[in-house]
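All remarks here apply to the structure that follows.
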Amino acid sequence: MSREFTSSFTTDGDICQVLAIGAALSDRLEVTWELTDGRPERDLASKFTVLRMGERALASVDAGFVQFACRSEKLPGSQPAHIDIGVERWSPEAPEGDPEELKDAYATVAHSFALAMAKELGCENNGGLEDRPVLDPA
């Protein structure tokens, strides 16, 4: 990420894909990162619950997103980078389980990746992320 970063350019990439043993590629979790200009790009439609983490956090029964600001020696420029970490479920089947537990799970995974990224990049104050996810709605 630090190699692709410039303060005027937005870009994105994959972190990993998670598949259950024996699962088809069409039934997976994708974890991604995106450098943004700081403005929320995702529609806050009724699908998402807004949470109090980082600059912006969203959770649903099949996705979680955490955006944080990072000022680091590893990222050039005087302005902080705005990094959006996403965890999305890709499956032809509808998610099963308690909707609130699913939202909490996706938010927790997105927070874990965001915090790990903030620490790896050496972001000031861990990008404003707490050590534990904040799962209460904003």
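Which of the lysines could be linked to residue 47 by a straight reach, that is with a Cα gap under 29 Å, when you skip same-chain ones fewer than 8 residues away?
Filter leaves 103.
Straight distance only, please: which lysines reach the Cα of residue 119 with their own Cα at less than 23 Å, same-chain residues fewer than 8 apart left out?
By straight Cα distance, residue 119 reaches 74.
Counting Lys and Arg as +1 and Asp and Glu as -1, what is the net charge of the other residues whose Cβ lies under 13 Å from the Cβ of residue 53?
On the way: positive: 52, 56, 103, 132; negative: 55, 84, 104, 130, 131, 136.
Net charge around residue 53: -2.
For the range 88-138, which chymotrypsin sites (Phe, Trp or Tyr not before Pro) are both in a DSSP coil and crowded by at most 11 other Cβ atoms within 10 Å? Could you put the intermediate results ahead of the total?
Details: sites: 90, 106, 113; in loops: none.
Taking the range 88-138 and a limit of 11 other Cβ atoms within 10 Å, no loop chymotrypsin sites (Phe, Trp or Tyr not before Pro) are found.
We did not get these values from a lab; they are worked out from the coordinates using the rules stated. Treat the numbers as computed from the prediction; the structure is a model and nothing was measured. With ideal geometry, Cβ positions are generated from the backbone for all residues, glycine too; neighbour counts draw on all protein chains shown.
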